Amino acid sequence: MNKIKKTFSLVLFVTILIYCIILAFLPNNVEARERTEDLTNLVNYPEIYTLVQELKTAHPNWTFTALYTGLDWNTVLYNETTAKHFRSVVHKTYTTDNVGDWVCPTCKMSDGSPILYESQWYCASNKTVSYYIDPRNWLNETYIFAFETLSFNEAVHTVQGVKSILSGTNMDTDTITYIDTAGNTQVINKSFAQVIYEAGKKNNVSPYHLAARIIQEQGRNGSSTTSGNYTYTNAQGNTTQYLGYYNYFNIGATAPSGSPIAEVIKNGLEKAKEKGWTNPELSIIGGAYFLSGEYINGYQDCLYLEKFSVDEASKCLYWHQYQQNLSAPYTESTTIQREYNNLGILENNFNFIIPIYNNMPTTASIKPGRKISLHTENVVVNTLYYPLTVRRGPSTNYDIKGKVPKGTTIVRIERAEEISSDGRYWDKIFYNAGSEAIIGYASREYLKDVDTVEIVNEPATIGAMCNLRNGPGTTNTRVKQILPVGTQVTIIDKIDFKINGHTWYRVKLQDGTQGYISEAYIQKAPVEKYKIEGTNIRVTPDIKITDIPEAVLEGEIFGTGAKVKIGEQEYTVIMLGDANGDGKITPLDYVKIKNNIMNITKLEGIYSLAGDANRDGNITPLDYVKVKNHIMNMSKISL
């Protein structure tokens, strides 16, 4: 009987061991919904991991919460498109370069043209929704605040900050004048900024979010839902006057697709009437309460999640969205980012929620419209007389961003693969203007290909997994590939000012591929591989016995527990991460460390010191993550 028990125990132990190894090294797509500030699993989503690292390096006070939705990527796309047409819409001005790419192929009129909702919105195509819902397209300096946690933060939010956001709008006033339900003019002796701040504080909502949301809904000069005097005329010619009702957040201002805009306005004012929003202050307080209860305190607590309801904890997947407009989270976020910058508080403590889906595409979803290819290649300005005009977008309809003198060498970072409607190829270029970077679009007819001139020639090693970008900066550039730890590169140029919080180097890979990386990810100096501590010698996993001057190995295995002689002194080896003493870092070490943490089997003596891979004096989950990352070549164990 005892023999059977021992055999059973052995089989059980081996089964658990194999299971742990398989579990640890299979692709780690989280199946269940989870929010966590532990970002160790992000290494299984390399492009998200490297984008977050770029932001964390530039802004050390920022924190990030990973939202593992547990939702399948294709299921999400289906529910945001085909399952409910017009759930996600795109403005007609976005689609000028290629309507068919942007617009749903199903939602067409009898003549075959796309259906326009409210005369300006198209039902979005799967490709369009994929581009907007993929967080990897927006985790950068410009759009990161689409993911900011939207709760009230007294250390960040001020009345002056709200006033700054409202500057230049019809709400930039010291008092509020409005029309009451009797048609009389009344005055509230508060500024809009004060009212919005108080509404945010009372309802635990960011007042900056409230201000930006009102501007998103009302424009800079207000609309019919905030005029206080609107007359609705139905199809039969009957009229209804809405006097003294206000809906600053356009709550309930919706109607079936194809409805006239007047129907939308009427429904919004009916909601205001139902709620008793008879002046701007009541409307703003009531709207903040609605946002707090319906969205922000219900797991839709960032701009992204207000549009895309993908946190299962909200109990209202997909359908419970604040707006149909796909670009809304990002246009609002630019307002917030700009005002934070103006207020000088970008380096404050902000938290961002990063959504992650199962079975995401391996690279970020492509923007609809123009077909382009990524490049990093020199061209020279070849205009006849005048400087090259660089524009904000790929056409002469866009504003001018800068000028580049004739004969100047610049870098082409995107190449148009098809001609535009104006008969030109618009390429994206980077120009180092000496103290600033100009990245924009130029017509190819004025660009001449030239060979790359290597300004410097410095071999370097990548010290942490990072992005190789087609141009310098985390905005207006794209990731060409991800470079693992240990990648050998040659630095061929350096930019001597920071862009998006980083100093950028132009590098060349061994296969000739060129791109830009942040200086922060270059291995800074020769790595210390061993350290003598009393009668022990602590070493890194990639060391050889020949790396230690005059060292002689006593035995065959150079690993934890081995004896080494240097001169007459004998030392015991502690190889960090080598918890089983075989001289290699393998899944067996990971399992031993995990078992120690779970109190299944304890590491003793010298092996306990080896299991403490991060050298903080304790064996914790941080150690098995460090070992796992070393094996997966995400980062290396060092002294």
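For the reader, a short list of remarks on this structure follows.
- Take the conditions (1) touching a strand residue (DSSP E or B) at 6+ places or on another chain (Cβ under 7 Å); (2) under 24 Å from T63 (Cα atoms); (3) small (G, A, S); S151 misses just one of them, which is (1).
- Of the numbered criteria (1) open to solvent by less than 50 Å² (accessible area, probe 1.4 Å); (2) outside any helix (DSSP H, G or I); (3) of a type in the set (D, E), the one D101 fails is (2).
- Residue check for S292: of a type in the set (S, T, Y), under 34 Å from the mean Cα position of the chain (by Cα), within 26 Å of Y318 (Cα to Cα) and not in a helix (DSSP H, G or I): no
- Qualifying residue in the stretch 106-114 (condition: touching a His at 6+ places or on another chain (Cβ under 8 Å) and either hydroxyl-bearing (S, T, Y) or part of a loop (DSSP other than H, G, I, E, B) (or both)): yes
- Every residue from the stretch 596-606 that is in contact with a helix residue (DSSP H, G or I) (Cβ under 8 Å, 6 or more places away or on another chain) and assigned to a helix (DSSP H, G or I): N596, I597
- Single residue of I517, I532 found to be under 33 Å from the mean Cα position of the chain (by Cα) and in a strand (DSSP E or B): I517
- Among the residues listed as I366, I354, the single one being touching a Ser or Thr at 6+ places or on another chain (Cβ under 9 Å), open to solvent by less than 30 Å² (accessible area, probe 1.4 Å) and within 27 Å of S130 (Cβ to Cβ): I354
- The listed residues are R87, R35, and the only one of them that is open to solvent by 20 Å² or more (accessible area, probe 1.4 Å), of a type in the set (K, R) and within 30 Å of K371 (Cα to Cα) turns out to be R87.
- Candidate set: the stretch 420-434, residues that are at pLDDT below 95 and closer than 18 Å to Y516 by Cβ; chosen: the one surrounded by the fewest Cβ atoms within 10 Å (Cβ to Cβ): G434
- Single condition K403 does not satisfy, out of (1) outside any loop (DSSP other than H, G, I, E, B); (2) open to solvent by 70 Å² or more (accessible area, probe 1.4 Å); (3) among the charged types (D, E, K, R); (4) under 15 Å from I372 (Cβ atoms): (4)
- Filtered residues of the stretch 384-393 (kept if open to solvent by less than 30 Å² (accessible area, probe 1.4 Å) and at pLDDT below 95): G393
- Residue in the stretch 226-234 that is among the hydroxyl-bearing types (S, T, Y) and in a loop (DSSP other than H, G, I, E, B) present: yes
- Selected residue (only one of K636, K584, K565, K592 is outside any strand (DSSP E or B), of a type outside the set (A, V, I, L, M, F, W, C), more than 18 Å from V485 (Cβ to Cβ) and open to solvent by 60 Å² or more (accessible area, probe 1.4 Å)): K592
The values are calculated or read from the model by the stated rules, or taken from the named source; none is laboratory data. Keep in mind the model is a prediction, meaning the values are calculated, not measured. In this analysis, Cβ positions are derived from the backbone assuming ideal geometry, glycine residues included, and neighbour counts consider all displayed protein chains. The area values use the complete protein model at the heavy-atom level, side chains included, leaving out ligands, DNA and RNA. Shrake-Rupley method; radii C 1.70, N 1.55, O 1.52, S 1.80 Å.
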